[in-house]
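This is the structure, below, for whatever I ask next.
The values are calculated or read from the model by the stated rules, or taken from the named source; none is laboratory data. Computed from a predicted model, the values in this text were never measured in an experiment. Protein only, heavy atoms only, side chains kept; ligands, DNA and RNA dropped before computing areas. Shrake-Rupley method; radii C 1.70, N 1.55, O 1.52, S 1.80 Å.
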Amino acid sequence: TGVQTCALPISPALAAPAAADPLPEACAEPLRAARAQQRSLTELARHQAVLLLGETHTSVADHAWQLQTLQTLARTGVPLHLGLEMVPAPRQAALDRYGRGESDEATVLREVGWTEVWGHDPELYLPLLRWARQQGVPLLALNAEPALVRDRKSTRLNSSHTVISYAVLCLKKK
């Protein structure tokens with residue numbers, strides 16, 4: 001027998017497929033679980049000041065999940081800020097200009113020193129930045145400057161792993 005695969009939709013609402021295109025049986029339970037997780041996360045977020053979303057830096061699926069989670073939370077009316085652990089705090093002004101539409105993607109990546117500071121493919125992160133800009137969600141630079149981060153054993157300021165990280169969603173209380 002062959003192995004069934006299951007490709008779940010990566011839409012903001014985890015939408016069900018059209019009636020003419022039923023899910024394979026192998027997908028029904030993972031889709032139910034994904035919807036339940038989104039409901040649970042949304043409910044928890046209403047009562048939290050900060051929400052950390054884990055990721056593997058090079059995982060397209062992880063970044064899609066982060067975006068989907070942001071979209072879901074935004075639809076509930078929870079005020080959001082998107083914290084970026086890869087951007088040093090002294091470079092906040094570059095994120096502010098990008099958020100206001102005063103600079104383009106290439107400019108913001110250059111101004112925050114993306115290649116030197118972070119190094120991971122920006123195409124994995126740009127959908128999050130674009131979405132935040134389109135929705136008016138403020139971007140927050142959370143890291144220390146690279147010279148300080150290099151001495152992280154003594155400073156304890158950077159707990160980032162070279163592959164696994166997190167996006168910080170600051171949920172502003174009304």
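Please report the accessible area of Arg39 (heavy atoms, 1.4 Å probe, ligands and nucleic acids excluded) in Å², nearest 10.
That residue has around 150 Å² of solvent-accessible surface.
If amide hydrogens are placed 1.01 Å from N in the peptide plane, which non-local residues have theirs closer than 5 Å to the one on Asn143?
Val87, Ala89
Here is a further query. Report, by chain and number, residues whose modeled amide H sits under 5 Å from the one on Leu80, excluding near sequence neighbours (fewer than 5 apart, same chain).
Excluding prolines and chain starts, which carry no amide H, the hits are Lys172.
Let me check the size of region 43-125 from its C-alpha atoms; what are the radius of gyration and Dmax in Å?
Both quantities, over Cα of region 43-125: 13.9, 38 Å.
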